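Working notes, structure below.
The values are calculated or read from the model by the stated rules, or taken from the named source; none is laboratory data. Since we're looking at a predicted model, the values are computed, not measured. Ideal geometry is used to build each Cβ from the backbone, glycine not excepted, and the neighbour counts take in all protein chains shown.
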Amino acid sequence: MDYSVFAIEVAFAYDAQSQTRSELRRLILEHSHLTSFEQKYWFYETAAGLLLREAPSFERGCWDYFDNDIALSKYNEWCGGLLKEEGVRSTPSVAGGRGPYRASGETRYTTFTMAFLLARGSNTDRNLASQCQIAPANLWRRDTFIFLLQCVRRFNFANVRSDVIYMIPNRDDFGFTPEDLQAEKFKYLRPLV
């Protein structure tokens, strides 16, 4: 079978008052038992909706769409994010587990990723291919990421062969600092305008 891959990742700031991170975390933990196409649809519709709620906070991002022979290897690269040690620090950002901020109130970030292996040539793939024809000047715009997340909300999961979703870091007390996101391993996340 021939495949296409679509993946999207955003890094966004969060604060102690926001429930979005905990709602996304809970949603991911419920993901493993979803089996029907309808359940997958509602799962990703909810995840995209929660992310869209945080769209004003999107600061960095990356997305891919490939409909050629490297699609499967690109999908596997995106899945590899689950297996890598992505956190820059090995201890919480905040001593004593007081939440996602230091005493100074420094902003903390999380990254959220969704990747889909699609049946190449399926309705979902053809629709997505046309939607991903984005002018180079608009590739790294916040409104492009909003648009692409809205596309995910229209997927027919009968055309999705595999999917992966994850959030890094998993705990509020390990939130990335602005300096963390400057690390070499995060250079693929482009600043959004």
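When Q150 is tested against (1) surrounded by 15 or more Cβ atoms within 10 Å (Cβ to Cβ); (2) assigned to a helix (DSSP H, G or I); (3) within 15 Å of the chain's Cα centre (by Cα); (4) of a type outside the set (S, T, Y), only condition (1) is not met.
Residue-wise test of (1) under 17 Å from V5 (Cβ atoms); (2) modelled with pLDDT of 90 or more.
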| site | (1), (2) |
| --- | --- |
| F66 | yes, yes |
| A71 | yes, yes |
| G87 | no, no |
| G99 | no, no |
| G121 | yes, yes |
| D125 | yes, yes |
| A137 | no, yes |
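Do we find that F112 is more than 12 Å from S4 (Cβ to Cβ), among the aromatic types (F, W, Y) and in a strand (DSSP E or B) in this structure? For F112, the condition - more than 12 Å from S4 (Cβ to Cβ), among the aromatic types (F, W, Y) and in a strand (DSSP E or B) - is met.
Looking only at residues in the range 110-123 that are crowded, with 21+ Cβ neighbours inside 10 Å and over 13 Å from the mean Cα position of the chain (by Cα), the one that is farthest from N159 (Cα to Cα) is L117.
Scanning the range 28-42 for residues that are more than 18 Å from I168 (Cα to Cα) and under 14 Å from the mean Cα position of the chain (by Cα) yields no hits at all. Remark: I165 matches the filter, which requires a residue to be touching a His at 6+ places or on another chain (Cβ under 7 Å) and β-branched (V, I, T). In summary, G105 fulfils each of the numbered conditions (1) at pLDDT below 95; (2) closer than 24 Å to W42 by Cα; (3) not aromatic (F, W, Y) with the single exception of condition (2). Scanning the range 41-64 for residues that are surrounded by fewer than 18 Cβ atoms within 10 Å (Cβ to Cβ), in contact with a Phe, Trp or Tyr (Cβ under 8 Å, 6 or more places away or on another chain) and closer than 24 Å to L117 by Cβ yields one hit, D64.
Yes or no: L181 crowded, with 16+ Cβ neighbours inside 10 Å, within 17 Å of the chain's Cα centre (by Cα) and over 21 Å from A47 (Cβ atoms)? If you could, list the steps in order and put the result at the bottom.
Details: crowded, with 16+ Cβ neighbours inside 10 Å: yes; within 17 Å of the chain's Cα centre (by Cα): yes; over 21 Å from A47 (Cβ atoms): yes.
When the stated conditions are applied, L181 passes them.
Any residue at all in the range 2-24 that's hydrophobic (A, V, I, L, M, F, W, C) and free of Cβ contacts under 8 Å to residues at least 12 places away in the same chain? Within the range 2-24 (the criterion being hydrophobic (A, V, I, L, M, F, W, C) and free of Cβ contacts under 8 Å to residues at least 12 places away in the same chain), the answer is no, since none of the residues qualifies. Of all residues in the range 2-31, exactly one satisfies the criterion of being β-branched (V, I, T), part of a helix (DSSP H, G or I) and closer than 25 Å to Y75 by Cβ, namely I28.
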